[in-house]
1. Only helical DSSP H runs with n ≥ 4 go in: add -39500 (n - 2.57) per run for the chain, normalise by residue count and round the 222 nm mean residue ellipticity to 500 deg cm²/dmol.
2. For Cα Rg over 2.2 N^0.38 Å, which listed value, (1) 1.24; (2) 1.04; (3) 0.99, comes from the coordinates shown?
3. Where the only charges are on Cβ atoms (+1 Lys, Arg; -1 Asp, Glu), what is the dipole of the stretch 133-277 about its Cα centre, to the nearest 20 debye?
4. Starting from the 7 Å offset along Cα-to-Cβ, what nm value, one decimal, do you get for the label separation of residue 209 and residue 62?
5. If each of residue 350 and residue 78 carries a label point 7 Å out from its Cα toward its Cβ, how far apart are those two points in nm?
6. Would you work out which of 7, 63, 43 lies farthest towards the positive end of the dipole of the chain? Charges go on Cβ: Lys and Arg +1, Asp and Glu -1.
7. Go ahead and run the numbers for FRET between residue 10 and residue 250, Cβ-Cβ distance against an R0 of 35 Å, rounding to 0.05.
8. Loop only per DSSP, at most 13 neighbouring Cβ atoms within 10 Å: give me the trypsin sites (Lys or Arg not before Pro) in the stretch 57-141, ordered by residue number.
Amino acid sequence: MSCDALVLPAIRGLTPYQTGKPIDELQRELGITRVSKLASNENPLGCSFDVVKACQAMLEDMARYPDGAGFALKKAISNHFALDEKCLVLGNGSNDVLELIGRTFAGAGDEVIFSQYAFAVYAITTQAIGATAVVVPAKDYAHDLAAIAAAITDKTKLIYLANPNNPTGTCFGQSEWDAFMAKVPKHVFVVLDEAYTEYVSRADYADGLRALAKYDNLIVTRTFSKAYGLAGFRLGFAACSAEIAGYINRVRQPFNVNSLAMVAGIAALADQAFVQESVALNRKGMAIWQQALSVLGLQAIPSQGNFLCVDMGQPAQPLYEALLREGVIVRPVGAYGLPNHLRISIGCDEENVHGIEALTKVLGK
């Protein structure tokens with residue numbers, strides 16, 4: 001018997017989130033050994049060796065359940081970012097927290113606003129909870145905060161903003177942020193997704209954590225998957241008022257963050273030298289890619305993340321497939337409404353060289 005008729009309509013219409021192709025999958029498919037994965041915005045340095053040591057020490061106690069409250073990790077986050085521990089929600093990646101927020105505050109009959117070209121999880125979460133998505137056209141590939149504010153209605157419950165945005169890499173500044181928040185009613189929750197905040201170089205960046213004391217309706221999410229190099233551990237958190245955190249924690253699954261992830265997060269926070277090294281490598285690699293793209297006559301959207309969204313000037317899917325045959329995995333973003341673009345993560349020196357050589361070859365330059 002088909003269960004199609006038994007599934008909620010909102011779920012029937014969902015398309016699963018597409019992740020970047022794994023390295024071992026490409027090796028199995030094509031029988032190649034040299035593979036550079038520049039698809040998932042991962043840290044090419046891996047993670048801090050302090051994380052490895054901390055996790056090795058933890059392995060002997062893996063028969064025990066994790067601390068469901070995450071006391072030690074919350075303490076470390078609180079100390080590092082000067083936040084009240086009662087204002088934190090831990091998640092299995094920030095992706096988990098973004099979904100928890102949607103489930104807590106919106107549902108059928110409510111509207112959720114986000115930008116064109118925004119992170120796919122906002123749309124997936126909105127549809128899964130039965131809310132109505134209000135997608136505001138982007139401006140120069142970036143969030144049009146004035147237009148987003150103008151889209152607010154009495155039905156609006158949540159606004160998802162990514163700063164920097166994935167997959168475009170665009171970023172808004174402090175003056176835009178202040179003007180936007182001045183227009184947002186108190187009954188609307190603003191979710192500021194700062195997954196790539198460590199990579200930002202613009203001087204007027206609007207740091208969400210500093211704004212928490214000013215706005216009771218603000219929820220900031222952060223991840224350990226990017227600059228901290230803990231993508232495989234799945235660890236993120238939300239910071240907000242203690243009242244908001246209390247409600248989100250009511251729907252959070254018990255033990256949603258595993259013991260190794262919590263130990264890894266504590267060790268990663270303590271090694272800020274590794275984060276600085278990761279950011280420096282990213283800036284170096286970004287410059288190399290920008291120069292190479294210029295030589296190839298390609299335009300990339302200016303990025304404040306650890307990736308570039310590149311206009312290939314032609315349908316990008318065939319180029320993506322050709323790059324796979326050269327052992328280079330990038331990310332097509334046609335599902336985001338950008339069929340001529342490829343998102344290319346910044347890698348280590350060897351990966352960047354491989355990626356540029358492969359792109360030059362498939363373009364016939």
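1. Details: 14 runs with 141 residues, N = 365.
Helix contribution divided over all residues of the chain: -11500 deg cm²/dmol.
2. Read-out taken from this structure: (3).
3. On the way: 13 positive and 14 negative charges, 99 e Å.
I would put it at about 480 debye.
4. According to this spin-label approximation, the distance is 3.0 nm.
5. Roughly 4.3 nm, to one decimal.
6. Of the candidates, 7 comes out farthest on the positive side.
7. E(calc), rounded to 0.05, equals 0.95.
8. Numbers: sites: 64, 74, 75, 86, 103, 139; in loops: 64.
Sites meeting the loop and neighbour criteria: 64.
Readers should treat all values here as calculations from the given coordinates under stated rules, not as data from a laboratory. Just so you know, these numbers come straight off a predicted model, no measurement behind them. Neighbour counts run over all protein chains shown; Cβ positions are idealised from the backbone, glycine included.
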